[in-house]
1. I'd like the carbon and sulfur percentage of the solvent accessible area for the stretch 131-174, probe radius 1.4 Å, heavy atoms only, ligands and nucleic acids excluded.
2. Explain nothing, just compute: Karplus ³J(HN,Hα) = 6.51 cos²θ - 1.76 cosθ + 1.60, θ = phi - 60°, for every residue of the stretch 111-126 in order, whole Hz, x for Gly and Pro.
3. Rounded to the nearest 0.05, what FRET efficiency do Val37 and Ala117 have when you use their Cβ-Cβ distance and R0 = 35 Å?
4. For Gln137, enumerate residues with amide H under 5 Å from its amide H, sequence gap 5+ or separate chain, H modeled in the peptide plane.
5. Where in the stretch 115-174 are there trypsin sites (Lys or Arg not before Pro) that are in a DSSP coil and have at most 12 other Cβ atoms within 10 angstrom of their Cβ?
Amino acid sequence: MAISMGGGETPMSDINTTPLVDVMLVLLIIFLIAVPVAIQTIEQLEIPIFESVESKNKNENLLLTISTTDESGKTASTVRTGFTGATRTGECRIYFNNIAPVSSEELYDQAFARLDAIVQAAGGPEAIMEDPERIPQVHIRADKNAPWRCVAGAIYNVQAAGYPTVGFISNPVDPNG
């Protein structure tokens, strides 16, 4: 603690750290009590599961999920089917907006019909080109074991249907291992 003896022309440059230390100790005690309570509350949290349904009031991006059948020909499903995982030799499975599996021809037809409806609702091709942000994109999420032929076929079909932008969704790599 600094004591000023008066008479000096220079201002005192020492800081009184006692109140700072007191505040820090109080905050430490609060966090030591609050963190375990918060962790116990979070562990009991139940996240709701909703069925994926396409929105009708805005132009959402088209989501395609690509996988294949397993070695015994079974497909991934929400019910237990004994699916053992996608294989490189399996038959391609493409899910349109995560709702319905489609073939290559159905993918083209549904993608074209969806994009055409969006363009017509906007007032035609000229109207939608005035604001290119309104043109939906295609996002592809593919199984890492899905062969490139399945992914390339889906890209070809949606670009032939008129979607100008195709992107991929992946899980980020954890830098900590």
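The values are calculated or read from the model by the stated rules, or taken from the named source; none is laboratory data. As the structure is a prediction and not an experimental result, all values here were calculated from the model. Glycine also receives a Cβ, built like all others from the backbone with ideal geometry; neighbour counts cover every protein chain displayed. Only protein heavy atoms, including side chains, enter the accessible area calculation; ligands, DNA and RNA are left aside. Shrake-Rupley method; radii C 1.70, N 1.55, O 1.52, S 1.80 Å.
1. Carbon plus sulfur share of accessible area: 52 percent.
2. Values, residue by residue: 5, 5, 4, 5, 5, 4, 5, 5, 5, 5, 5, 7, x, x, x, 5 Hz.
3. According to the calculation, E is roughly 0.10.
4. Asn61, Leu62
5. Values: sites: Arg134, Arg141, Lys144, Arg149; in loops: Lys144.
Of the trypsin sites (Lys or Arg not before Pro), the ones in loops of the stretch 115-174 whose Cβ has at most 12 other Cβ atoms within 10 Å are Lys144.
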